Amino acid sequence: MRKPILIGNWKMNGSLHANQALMVRVLPRLRMFRKTIDLAVCPPFPYLFQVRDLLGYTGIALGAQNASSFVSGAYTGEVSATMLQEMGCRYVLVGHSERRALFAESSLEVAARYRSVLAAGLTPVLCVGETLAERESNQTGLVIERQLQAVIDEVGLAAMANGIIAYEPVWAIGTGKTATPKQVARVHQEIRLFIANSAPEASDDISQQLRVIYGGSVKAANAFELFSLADVDGGLIGGASLHADEFGTIAGALAEASGLVASECEIN
Ligand code: PEP
């Protein structure tokens, strides 16, 4: 049984004041679902300490948006996974398409970062997905397989079971365009199949254990339909995670889609 997870990616947004205001409004809504789904928020690095305090003992986890492949040293501007671990992070996004496209992080680089996150005892959330041009030229499967293979080559298939995969079609991120349920279902199935076929001796278990979540313009209006798909184990939410009501409703949709009616969720 895979426990669903909802992760908010704040990207480069926020301020001390705005973060506090958002948490005050959203935490009571999220706490209702904390026993039935895993929840996490990923603020920018400078706010990790503040958000860790605001999360307190709510059971909602802290995550970061990236981590260096190095442990320490002369790497100006980088933040290591061990530092994130010390700050109380549990999850780290790796290979977000904005990192790949805007900051030239190659699949090899992403794989090295994935390894460092695992080595620090944290859960990497590996983002994979195709551009519009790649989809239109029927390259979706190939592109995603290459992105996954780079990480499997670096850490081995067994270690993938300790991570989460986020399917995020690049053309759907921050654009308001959401992949259709049919498109999402197909890619999630293909990801699980690719893992299952990667090392037939053990990979069946890994592919069934692995959480594969969807990201790309998820909002309250479309969350339930997407989260109801059999191979979708939750969501990575960008823009909508900055709006308390919207994010709270998306969390409710995930809990409900997972067959957990509100009365089964903890009230308070
Ligand atoms: C993201 O940043 O991972 C994301 C999915 O963004 P959005 O929800 O805004 O499309």
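Multiplying the sequence separation of Asp245 and Thr180 by 0.36 nm and subtracting their Cα-Cα distance, what value in nm do you get?
Taking Asp245 through Thr180 to full extension adds about 21.0 nm, to one decimal.
Pick out, from Met12, Thr178, Pro124, the residue whose Cα sits farthest towards the positive end of the charge dipole of the chain, with +1 on the Cβ of Lys and Arg and -1 on the Cβ of Asp and Glu.
Met12
At Ala119 and Asn138, where each label point lies 7 Å from the Cα along Cα→Cβ, what is the point-to-point distance in nanometres?
Going by the 7 Å Cα→Cβ label model, 4.2 nm.
If you restrict to DSSP beta bridges whose two residues both lie in the chain, what percentage is antiparallel, to the nearest 5?
0
Only helical DSSP H runs with n ≥ 4 go in: add -39500 (n - 2.57) per run for the chain, normalise by residue count and round the 222 nm mean residue ellipticity to 500 deg cm²/dmol.
Calculated mean residue ellipticity at 222 nm is -13500 deg cm²/dmol.
Label 7 Å along Cα→Cβ of Val71; the stretch 86-100 residues with amide nitrogen under 18 Å?
From the stretch 86-100, the list is 86-87.
Rounded to the nearest angstrom and ordered from largest down, what semi-axes does the equivalent ellipsoid of the stretch 185-239 get from its C-alpha gyration tensor (root of 5λ)?
Ellipsoid semi-axes (Å, largest first): 25, 9, 8.
With unit charges on the beta carbon (Lys/Arg positive, Asp/Glu negative), name the residue among Ser80, Tyr114, Ile60 whose Cα is farthest towards the positive pole of the charge dipole of the stretch 53-125.
Tyr114
Using the Kirkwood formula on the Cα atoms of the stretch 32-130, what hydrodynamic radius do you get, in angstrom to one decimal?
About 13.9 Å, per the Kirkwood formula over Cα pairs.
Pairs of Cα atoms under 8 Å, at least six residues apart: use those to get the relative contact order of the chain, whole percent.
Once divided by the residue count of the chain, the mean separation gives 22 percent.
With +1 on each Lys and Arg Cβ and -1 on each Asp and Glu Cβ, and nothing else charged, work out how big the dipole of the chain is about its Cα centre, in Debye to the nearest 20.
Approximately 540 debye in magnitude.
Report the charge-dipole magnitude of the stretch 70-146 in Debye, nearest 20, computed about the Cα centre from +1 at each Lys and Arg Cβ and -1 at each Asp and Glu Cβ.
It comes to approximately 180 debye.
Output the relative contact order of the stretch 33-192, whole-number percent, from Cα pairs under 8 angstrom with separation of 6+ residues.
Answer for the stretch 33-192 is 18 percent.
Test of understanding: given the chain, find the longest segment containing no chymotrypsin sites (Phe, Trp or Tyr not before Pro) that are in a DSSP loop and have at most 12 other Cβ atoms within 10 Å.
The segment 104-268 is the longest one with no such site.
Among all the aspartates and glutamates, which ones have a C-alpha under 19 Å from Lys177's C-alpha, if same-chain residues fewer than 8 places away are not counted?
Counting by Cα, and skipping residues close in sequence, Lys177 has these aspartates and glutamates nearby: Glu98, Glu130, Glu134, Glu136, Glu168, Glu225, Glu246.
Over the alpha-carbon set of the chain, work out the extent along each principal axis and list the three values in angstrom, largest first.
Here the Cα extents, ordered largest to smallest, are 46, 44, 35 Å.
Residue farthest toward the positive end of the dipole of the chain, with Cβ of Lys/Arg at +1 and Asp/Glu at -1: which of Ala199, His188, Pro43?
Pro43
Post the alpha-carbon centroid distance, the stretch 2-20 to the stretch 185-251, in whole angstrom.
17
What is the spin-label model distance, in nm, from Gln149 to Tyr57 if the labels are put 7 Å beyond Cα along the C-beta direction?
Going by the 7 Å Cα→Cβ label model, 5.0 nm.
Along the principal axes of its C-alpha atoms, what lengths does the stretch 107-185 span, in descending order and rounded to whole Å?
So the extents along the principal axes, rounded to whole Å, are 36, 22, 21.
Could you grab the relative contact order for the stretch 9-89? Cα pairs under 8 Å, six or more apart, rounded to a whole percent.
29
Every read-out reported here was derived from the displayed coordinates using simple, explicitly stated rules and does not represent laboratory data. This structure is a prediction, so every number in the text was calculated from the model and none was measured. FYI the Cβ positions are ideal-geometry reconstructions off the backbone, even for glycines, and counts take in every protein chain you see.
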